[in-house]
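Notes for the one structure printed next.
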Amino acid sequence: MTGVAEVLRPLVPQVLGVLVRRYGQFDACEDAVQEALLAASEQWPAEGVPDNPRSWLVTVATRRLTDLWRSESARRRREETVAVREPAAVVAGPGEERPSDSDDTLTLLFLCCHPAVSPPSQVALTLRAVGGLTTAQIASAFLVPEATMTRRITRAKESIAAAGSTFGEPSPTDFPERLRVVLQVLYLIFNEGYTATSGENLLRVELAAEAIRLTRAVRELVPGEGEVAGLLALMLLTDARRAARTGPDGELVPLPEQDRTRWDAAMIAEGVELVRAVLGRGPIGPYQVQAAIAALHDEAPSTGTTDWPQIVELYGVLGELMPGPVVAVNRAVAVAQVSGPEAGLALLDGVDVAHRSDAVRAHLLEEAGRAAEARECYLRAANRTGSGPERRYLQAKADRLGSES
């Protein structure tokens, strides 16, 4: 069954893309694809994977659509939908079909990341329609009831339909903004996988892996986009540290204490090569800068030998491209490495990023010898995080300072 799942996963966006391009009704097509996937998971293990699995899935899903539209209630729903839609220019006419081997992954991503859809729903719909995850899997990953995730996905589909969205590719004018949203959604998925915002596990490996897989797919479709390569590099260079981020009992291990021999050398090499390939070859974007920072961390033998002055400069560039409190907090950490903890603390005045700013402030206060203040900040950070491993780590830091006083 594992082998069948590996075959099915990358076919999901391709098959759904074919159906939506032909028939224009995202919701019905997505349901039909899910039924085809279920049929494949039941038949293929016993009968073998067909010679052309994509065509098999398209054929079965099309039959499901035909069966749906033959029912009277479905016909009425379709007629009501067509009545309020714009003329269906998205449905390819005779002779207009794309080649059978064309890949609609990027266009489908653009549809899932439609601006009419809220960011949480964009993430859920992308994982369902493009990633091939079940609603139950997505709900489990984000620690919400399956019914809640079902409603989120349903609202996303309704928003797309209400906006009159078609499967047409964005115009050249719209493309940069739509691609930015796609990359943002993939980055959100990766971040949730790399550092879960809630629950008892620090990592959700399947989400991080899915984000990397989808970003690779986007890069194959738009290989000349520097920010796509930058995002892929950032994910690889970050995920390369995964094995060293937790201890034997799942406890958080901060970067300075990680065993760097456990970092994935192949991922680091690929990420560094991507960074070198894109930097200086076109407009620079925030993902490229973040990837360059990650590369400096990954290539250093230790925290002490890291090129912190260069990282400070890069955070200055990032702050111009993407100003905000998250960048400010990270820059404060780098500045503290170069100029001392008090210099870093000065940059944190008035900055608040949930528990993250409190944790960094606590660390710098501890480095500055201000133990009582550091303990208060560690406790405040522990109370503000929803992550069990982070909370236990921060609480332990506070308890240690308390015992030393």
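The values are calculated or read from the model by the stated rules, or taken from the named source; none is laboratory data. These numbers were taken from a predicted model, which means no experiment stands behind them. Reconstructed Cβ throughout: ideal geometry from the backbone, glycine too, with neighbour counts over all protein chains shown. Side chains are part of the model used for accessible areas, which takes the heavy atoms of the whole protein and leaves out ligands, DNA and RNA. Shrake-Rupley method; radii C 1.70, N 1.55, O 1.52, S 1.80 Å.
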Task: Residue under evaluation ALA266, criteria (1) open to solvent by less than 60 Å² (accessible area, probe 1.4 Å); (2) over 30 Å from VAL181 (Cβ atoms), criterion not met - done: (1)
- [ ] Could you please tell me which pairs satisfy a Cβ distance under 6 Å, a separation of 6+ or placement on different chains, a first residue in the range 125-138 that is under 12 Å from GLU206 (Cβ atoms), and a second residue that is open to solvent by 10 Å² or more (accessible area, probe 1.4 Å) and assigned to a helix (DSSP H, G or I)?
- [x] GLY132/ARG9
- [ ] For the range 2-23, indicate whether the set of residues that are assigned to a helix (DSSP H, G or I), without any contact (Cβ under 8 Å) to a residue 24 or more places away in the chain, over 28 Å from CYS113 (Cα atoms) and open to solvent by 60 Å² or more (accessible area, probe 1.4 Å) is non-empty.
- [x] yes
Open item on the list: Among the residues of the range 108-116, are any more than 23 Å from GLU220 (Cβ to Cβ), within 31 Å of the chain's Cα centre (by Cα), modelled with pLDDT of 60 or more and open to solvent by less than 10 Å² (accessible area, probe 1.4 Å)?
Closed with: no
- [ ] Answer with yes or no whether GLU220 is open to solvent by less than 60 Å² (accessible area, probe 1.4 Å) and either of a type in the set (Asp, Glu) or part of a loop (DSSP other than H, G, I, E, B) (or both).
- [x] no
Open item on the list: Tell me whether the range 293-306 contains one or more residues that are under 30 Å from PHE110 (Cβ atoms) and touching a residue at least 40 places away in the same chain (Cβ under 8 Å).
Closed with: yes
- [ ] For the range 371-405, enumerate the residues that are of a type in the set (Ser, Thr, Tyr) and not in a helix (DSSP H, G or I).
- [x] THR385, SER387, SER405
TODO: Check whether at least one residue in the range 361-370 is within 15 Å of THR197 (Cβ to Cβ), open to solvent by less than 10 Å² (accessible area, probe 1.4 Å), assigned to a helix (DSSP H, G or I) and free of Cβ contacts under 8 Å to residues at least 40 places away in the same chain, and report yes or no.
DONE: no
- [ ] All but one of (1) open to solvent by 20 Å² or more (accessible area, probe 1.4 Å); (2) out of contact with any Asp or Glu (no Cβ under 8 Å at 6 or more places or on another chain); (3) touching a residue at least 24 places away in the same chain (Cβ under 8 Å) hold for SER339, so report the exception by its number.
- [x] (3)
Open item on the list: Would you confirm whether or not the range 194-214 contains a residue that is surrounded by fewer than 20 Cβ atoms within 10 Å (Cβ to Cβ) and aromatic (Phe, Trp, Tyr)?
Closed with: no
- [ ] Please identify the pairs in which a residue from the range 270-288 that is closer than 19 Å to TYR315 by Cα has its Cβ atom under 8 Å from the Cβ atom of a residue that is polar (S, T, N, Q), counting only partners at least 6 apart or on another chain.
- [x] VAL275/GLN288; VAL278/GLN288; LEU279/GLN288
TODO: Inspect all residues belonging to the range 347-360 and state whether any of them is surrounded by 15 or more Cβ atoms within 10 Å (Cβ to Cβ), under 26 Å from the mean Cα position of the chain (by Cα) and without any contact (Cβ under 8 Å) to a residue 24 or more places away in the chain.
DONE: no
TODO: Give just the number: which of (1) at pLDDT 95 or above; (2) surrounded by fewer than 14 Cβ atoms within 10 Å (Cβ to Cβ); (3) of a type in the set (Asp, Glu) does ASP249 not satisfy?
DONE: (1)
- [ ] Restricting attention to the range 163-180, report how many residues are assigned to a helix (DSSP H, G or I) and either modelled with pLDDT under 80 or in contact with a helix residue (DSSP H, G or I) (Cβ under 7 Å, 6 or more places away or on another chain) (or both).
- [x] 1
Task: Number of the exception - ASN52 against (1) in contact with a Cys (Cβ under 9 Å, 6 or more places away or on another chain); (2) farther than 17 Å from THR134 by Cβ; (3) not acidic (Asp, Glu) - done: (1)
TODO: Output the residues belonging to the range 143-153 that are open to solvent by 40 Å² or more (accessible area, probe 1.4 Å) and closer than 14 Å to CYS113 by Cα.
DONE: ARG152
Open item on the list: For the range 226-243, check the following and say yes or no: at least one residue is open to solvent by 20 Å² or more (accessible area, probe 1.4 Å), at pLDDT 95 or above and over 22 Å from the mean Cα position of the chain (by Cα).
Closed with: no
